[in-house]
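Student: Let me begin by handing over the structure; questions about it come next.
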Amino acid sequence: METYQAHETAIIDPGAAIGEGTLIWHFSHIMSGSVIGRRCTIGQNVVISPGVVLGDGVKVQNNVSVYTGVVCEDDVFLGPGCVFTNIPNPRSAIPRKHLYEKTLVKKGATIGANATVLCGQTVGQYALVGAGAVVTKDVPPYALVVGNPAIQKGWVSEYGHRLAFDEKGMAICPESGAQYVLQEGKVTKVNQ
């Protein structure tokens, strides 16, 4: 018995693993060998390729193709039309499937609408990649990056609010009240 829900226009290939409570919307294609966790939302016109792993609670908005080599940990948000690559130098006439590079999106991170993440990068936990950004290098945990190429413009909380650090390197999320510390160029949450 299926424990997930899929719209009648969605295509679910045999051999795809889909967790309990996951919702799959119109015209999406879940390919064989992909793994989707529990309570995920897969929007319209999404492709999940073989070998992709999505953790629990991942939200994939409309018109996203998640290609082989991409791993998203729990609670990742993939904004509408965001793009992943898996080969740094693709050519139509030269098969390079054996050269796919891994892209890792860590727990709680957000990839904004129409952003592009080049293969081989790691987006740190709770990082926020702004809309339209082009990620060409690793993104630190809690970092806010924007632009083409993406550059860091600040830090965000686990709730996605910009953090303003005082002279002691402390900041408080205005929504959750959680405290964060900035030391040696790294942000950590104080009260776990």
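Read-outs: derived from the displayed coordinates by stated rules, not from any lab. Since the model is a prediction, treat every value here as computed from it, not as a measurement. Cβ atoms come from the backbone with ideal geometry, glycine included; neighbour counts cover every protein chain shown.
Student: Nearest 20 debye, what's the magnitude of the dipole of the chain about its Cα centre given +1 on Lys and Arg Cβ and -1 on Asp and Glu Cβ?
Tutor: Once rounded to the nearest 20, the dipole reads 520 debye.
Student: Could you work out the per residue convex hull volume over the alpha carbons of the range 125-181, in cubic angstrom?
Tutor: Expressed per residue, the convex hull around the Cα atoms of the range 125-181 is 75 Å³.
Student: Can you give the extra length, in nm with one decimal, that the chain gains between R38 and L23 once fully stretched, where that is 0.36 nm per residue apart less the Cα-Cα distance?
Tutor: Contour length minus Cα-Cα distance gives 4.5 nm.
Student: Just to confirm a number: summing +1 for Lys and Arg and -1 for Asp and Glu over residues other than N86 whose beta-carbon lies under 15 angstrom from that of N86, what do you get?
Tutor: Net local charge, N86 excluded: +3.
Student: If you don't mind, there's one more thing I want to ask. Positive end of the dipole of the chain, charges at C-beta (+1 Lys, Arg; -1 Asp, Glu), about the Cα centre: which of Q5, V181, T41 has its Cα farthest in that direction?
Tutor: Highest projection toward the positive end goes to V181.
Student: I would also like to ask the following. May I ask for the distance between the Cα centers of the range 78-109 and the range 36-60, given as a whole number of Å?
Tutor: Centre-to-centre (Cα) distance: 15 Å.
Student: Separate question: Which of the lysines could a cross-linker bridge to K107, judged by Cα under 23 Å and excluding same-chain residues fewer than eight apart?
Tutor: K59, K137, K153, K186, K189
Student: Counting other beta carbons within 10 Å of each residue's own, what order do D166, D75, D56 fall into, fewest first?
Tutor: D166, D56, D75
Student: With unit charges on the beta carbon (Lys/Arg positive, Asp/Glu negative), name the residue among G19, G108, V129 whose Cα is farthest towards the positive pole of the charge dipole of the range 5-156.
Tutor: V129
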